[in-house]
Amino acid sequence: MKIDVKHIAKLSRISLTDEELKKFTPQMEGILESASVLQEVNTDGVKPMKGHIKLEEVREDISGECLTQEEVLKNAKYKEAGCVKVYGKVFGENQES
Amino acid sequence: MNKELTDKYDVIIGLEIHIQTNTKSKMFCSCPTGYFQKQPNTHVCPVCLGLPGALPVPNKRAIELCILMGLATNCNIANEIYFDRKHYFYPDLPKGYQISQYKDPICSDGYVEISNGQKVAIERIHQEEDVAKSTHHTEGSTGKEYTLVDYNKSSVPLIEIVTKPNITSAKDAKDYATKIRQIARYLNISDADMEKGQMRCEPNISIQEKGKWEYKDGKILPIGEYKLNPKVEVKNIGSITAVEKAIEYEVERMSAELEDGEEIKQQTRGWNAAKGITEFQRYKESADDYRYMPEPDIPVIDISKEDIERIRKEIVELPNEKIKRYMQDWDITEYAADVISSTKESAEYFEKLQKKLSESMNEKDSAKEASNWIMGPLYAIANKQGKEIADIGVNGDDLAKLIVAFKEDVFTKNKAEELLNQSIEKGLNITDEIEKLKSAKESVGSLDNIVKQVIDENTQAVTDYKSGKEASIGFLVGKVMQLTHGTANPNDVRNTLIEELKK
Ligand SMILES: [Zn+2]
């Protein structure tokens, strides 16, 4: 089973060296390979087995407590004007890492 | 497009509309939704901040509102609700995925009838969550670009309404967007204010050579060897008017490109309202790149027939039905019916006024008078004040009294409008004023006597009239109107004067 690890990495904005690509590609393909036995089972017309709840059991629309701004920003590496600050271009080419 | 090009190409438009629905709490957590003008990052919890281990808990009201929108647009409602994860990597999406619906939307296969009678086909309406608000800046000291992210908007309930590609003009697209906004507002699903981002329209547009494509099962298919031109998606549209303008611009741009022998590439462009143009943003990532997967943290939600019937009760008479009823039952013009029903408030004002008037005149006349007064004086005042007609402070019952008094010839229409304006500007009580004018009219005596008095007192004008200067009749009419405090009917005055002057 072939996968394009370079493409997957790009979608996740992770840059991999050629060496890392060479190392990870067979590893990831191996994982998919072993999971792929599941594909042999015929699931036509079989619905996903998941828990069900009734609409009336779903959370009522009532607003509650939030974190403070300080707490929200606690884990942010950079912050400015009460916001999380992220360096990089508009579409996320992160220049940091 | 000029005539030559409109003869050559068809325009094909699909519209994606996102609407933030009116709930108190967010889609998957209890944070309050009202983020407008709030301090950044104060309506945030571990769930909408995407902290590891935090679990989403769906909001019942949000799901009800999504179903309500589906019912109002003639959709089928799913009996099981599934959520999926849509992955992409961007700072406004803290979890690295958005909880949305991929394969099984809550609502599917609906339609909305637009003004030209066409039923615009709705493919689906699904529930998802909004992303955080990001603003882009450049650092003065280093020249580095950066983004500031405020998570207050993260996970606010959002529904996406997707049409099939069966809209065929910019005007129809605008009309459809208007209908969707009206439905959302009539049913309190959303305030749908585009300037505040509560409603966002993203058209996808393509142009194809006439006769070389067909619309089948909700898809555009090529005929024979023809290669379809790809579609272009336009974002950043901030008003309903801009929907029409942006599409018109794109159609021009794409047809010019094709005529120059260039190939159109599938892409996303942004509407620049100030310049009135669209600007290239990016070539489009294909759907597979989102790596959708079933959301494992939310159980399947079962929707019963009883749930749907209970939600259906929230549907009120919508603009399309109102327009038909006003036209059929009351002979109101289509234009007036459309304008009056454009907001729920103005429709309610009209219907109340009609009902009050019908105590004094028949149904149709009541509707006609109500429509004329709303479309005329009331909208003039509302426009001047920059308000909705329901908010200009004219009590419908007072206005009804004024209209009835005018119809009973207590005073002229001019006088009635003057009273209406004075009641707004000076706070005059309309009922009192009507009574005053009624008794004034009684005390001034018969019109004949006043006409005689005016003829006696204005010998010059009488001489002028008799010597052929017919215009001076206007002067005499004015004098009589003055003495009657505007309570006489000017036509009666004119006729009585002419009769009297013949003697
Ligand atoms: Zn939250």
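Inside region B:138-241, counting only strands (runs of 3 or more DSSP E) that do not spill past its ends, which hold 3 or more residues that are open to solvent by less than 60 Å² (accessible area, probe 1.4 Å)?
B:145-150, B:157-163, B:199-209, B:232-235
May I ask you to say which residue of B:H136, B:H43 is touching a helix residue (DSSP H, G or I) at 6+ places or on another chain (Cβ under 9 Å) and farther than 23 Å from B:T178 by Cα?
None of the other options fit; the residue is B:H43.
Using the structure shown, decide if B:P56 is more than 9 Å from chain A (Cβ to nearest Cβ), open to solvent by 40 Å² or more (accessible area, probe 1.4 Å) and within 16 Å of the ligand (Cβ to nearest atom).
The answer is no for B:P56.
What are the residues in region B:242-266 that are of a type in the set (S, T, N, Q) and crowded, with 16+ Cβ neighbours inside 10 Å, if any?
Scanning region B:242-266 gives a single hit, B:S255.
Looking only at helices (runs of 4 or more DSSP H) that lie completely in region B:448-503, which have at least 2 residues being under 26 Å from B:D409 (Cα atoms)?
B:472-483, B:490-502
Does any residue in region B:22-33 that is more than 16 Å from B:I298 (Cβ to Cβ) come within less than 6 Å, Cβ to Cβ, of a residue that is within 9 Å of the ligand (Cβ to nearest atom) and open to solvent by less than 10 Å² (accessible area, probe 1.4 Å) six or more places away or on a different chain, and which pairs are these?
Close Cβ pairs satisfying both conditions: B:C31/B:C48; B:T33/B:K26.
Inspect region B:269-287 for any residue being of a type in the set (A, V, I, L, M) and within 14 Å of chain A (Cβ to nearest Cβ) and give the result as yes or no.
yes
Which one of these is surrounded by fewer than 23 Cβ atoms within 10 Å (Cβ to Cβ), modelled with pLDDT under 95 and within 16 Å of the ligand (Cβ to nearest atom): B:P46, B:P94?
Selected residue: B:P94, the only one of B:P46, B:P94 that is surrounded by fewer than 23 Cβ atoms within 10 Å (Cβ to Cβ), modelled with pLDDT under 95 and within 16 Å of the ligand (Cβ to nearest atom).
B:P32 - would you say it is facing chain A (nearest Cβ under 9 Å) and either within 20 Å of B:Y290 (Cα to Cα) or open to solvent by less than 20 Å² (accessible area, probe 1.4 Å) (or both)?
Criteria not met by B:P32.
Look through region B:59-87, keep the residues that are more than 10 Å from chain A (Cβ to nearest Cβ) and open to solvent by less than 10 Å² (accessible area, probe 1.4 Å), and return whichever of them is nearest to the ligand (Cβ to nearest atom).
The residue in question is B:F83.
Residue by residue through region B:326-342, note down the ones that are under 19 Å from B:I180 (Cβ atoms) and either in the same structural domain as B:I114 (by TED's automatic domain parsing) or open to solvent by 10 Å² or more (accessible area, probe 1.4 Å) (or both).
B:D338, B:V339, B:S342
Return the residue satisfying two criteria in turn: it lies in region B:348-394 and is touching a Ser or Thr at 6+ places or on another chain (Cβ under 9 Å) and at pLDDT below 90, and of such residues it is most open to solvent (accessible area, probe 1.4 Å).
So, considering only residues that are touching a Ser or Thr at 6+ places or on another chain (Cβ under 9 Å) and at pLDDT below 90, the one most open to solvent (accessible area, probe 1.4 Å) is B:E388.
For the subset of region B:20-33 comprising residues that are touching a strand residue (DSSP E or B) at 6+ places or on another chain (Cβ under 8 Å), farther than 14 Å from B:L158 by Cβ and part of a loop (DSSP other than H, G, I, E, B), which member is nearest to the ligand (Cβ to nearest atom)?
Selected residue: B:C31.
If only one of B:I301, B:I315 is surrounded by fewer than 14 Cβ atoms within 10 Å (Cβ to Cβ), of a type in the set (A, V, I, L, M) and over 26 Å from B:E202 (Cβ atoms), which one is it?
B:I315
Among the residues of region B:7-19, is any within 16 Å of the ligand (Cβ to nearest atom) and either without any contact (Cβ under 8 Å) to a residue 40 or more places away in the chain or buried (at least 23 other Cβ atoms within 10 Å of the Cβ) (or both)?
For region B:7-19, residues within 16 Å of the ligand (Cβ to nearest atom) and either without any contact (Cβ under 8 Å) to a residue 40 or more places away in the chain or buried (at least 23 other Cβ atoms within 10 Å of the Cβ) (or both): absent.
Tally time: how many residues in region A:27-40 are open to solvent by 90 Å² or more (accessible area, probe 1.4 Å) and more than 19 Å from A:I8 (Cα to Cα)?
The qualifying residues number 3.
Give region B:151-162 a look and list any residue that's more than 27 Å from B:C75 (Cβ to Cβ) and either more than 16 Å from the ligand (Cβ to nearest atom) or touching a Phe, Trp or Tyr at 6+ places or on another chain (Cβ under 8 Å) (or both), or say none.
B:N152
Could you grab me the full set of residues in region A:51-72 that are closer than 25 Å to B:I63 by Cα and more than 7 Å from chain B (Cβ to nearest Cβ)?
Once the filter is applied, which keeps residues that are closer than 25 Å to B:I63 by Cα and more than 7 Å from chain B (Cβ to nearest Cβ), region A:51-72 yields A:E56, A:E57, A:E65.
The values are calculated or read from the model by the stated rules, or taken from the named source; none is laboratory data. This structure is a prediction, so every number in the text was calculated from the model and none was measured. Neighbour counts are summed over all protein chains in view; Cβ atoms, including those assigned to glycine, are modelled from backbone coordinates with ideal geometry. Note: areas computed on protein heavy atoms with side chains; ligands, DNA, RNA excluded. Shrake-Rupley method; radii C 1.70, N 1.55, O 1.52, S 1.80 Å.
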